[in-house]
Amino acid sequence: MAEGKVAFELVSPERLLVSQPVDMVVVPGGEGDFGVLPGHAPLISTLRPGVVDVVLGGSKARVFVREAFAQVAPERVTGLAEKAYDVAELTGATLSAELSKAEADLASAKDDAARLTANQAIESLSALKA
C-alpha cells in the first residue's frame, strides 16, 4: 500500500465500482457521516442511503449507495452495497426510478426503521436530482 493511502473497495451485485488506494473515504454511516484515513480504528457500520465521497489527490469521486454497510480496518475500507451508482454516470431516468422505489418503500413501510431508511433515500436522491 502506498504511504498515506487507504485501500478502498466498493462492490455491488452488478459490479466492482471502486478498487484503489485513496487518500480518504467519507461514508454516510448509520449514525452519521464519518471519514476514514489510514490508521482508522476497525469498525463495521451500516450505511444509510447517501453518497460516498472518495478523495484521491485533488479529485473526488462520488458514489450513491443504498442498502449498504462498510467494514473498516486500519489500512482498508470495504463497502458492500445492494445498489450503488457512480454519481457522475447517473441519468435522470435512473434517479427518477430510484426515487419512485424509495417513495413506494415509504408507502409500504411497516415500522419506524423502514420509514427512516425510505425517507433518507428520498432526501439523498432528491438532493442529487436538484
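The values are calculated or read from the model by the stated rules, or taken from the named source; none is laboratory data. Keep in mind that what you see is a predicted model, and the values were worked out from it rather than measured. Cβ coordinates were reconstructed from backbone atoms using ideal geometry, including for glycine residues, and neighbour counts include every protein chain displayed. Just so you know, the surface numbers come from the protein's heavy atoms only, side chains and all, with ligands and any DNA or RNA stripped out. Shrake-Rupley method; radii C 1.70, N 1.55, O 1.52, S 1.80 Å.
Some values worked out for this structure:
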read-out	value
Selection within segment 36-50 - surrounded by fewer than 12 Cβ atoms within 10 Å (Cβ to Cβ) and touching a strand residue (DSSP E or B) at 6+ places or on another chain (Cβ under 7 Å)	42, 44
Output for segment 79-130, where each listed residue is in contact (Cβ under 8 Å) with a residue 12 or more places away in the chain and not in a helix (DSSP H, G or I)	79, 80, 81, 82, 83, 84, 85, 86, 90
Residue list for segment 53-64, restricted to those being of a type in the set (Val, Ile, Thr) and in contact with a helix residue (DSSP H, G or I) (Cβ under 9 Å, 6 or more places away or on another chain)	63
Residues within segment 65-116 that are farther than 26 Å from residue 9 by Cα, open to solvent by 70 Å² or more (accessible area, probe 1.4 Å) and among the hydrophobic types (A, V, I, L, M, F, W, C), tallied	3
All strands (runs of 3 or more DSSP E) inside segment 1-75 with 3 or more residues being of a type outside the set (Lys, Arg), modelled with pLDDT of 90 or more and within 22 Å of residue 97 (Cα to Cα)	50-56, 59-73
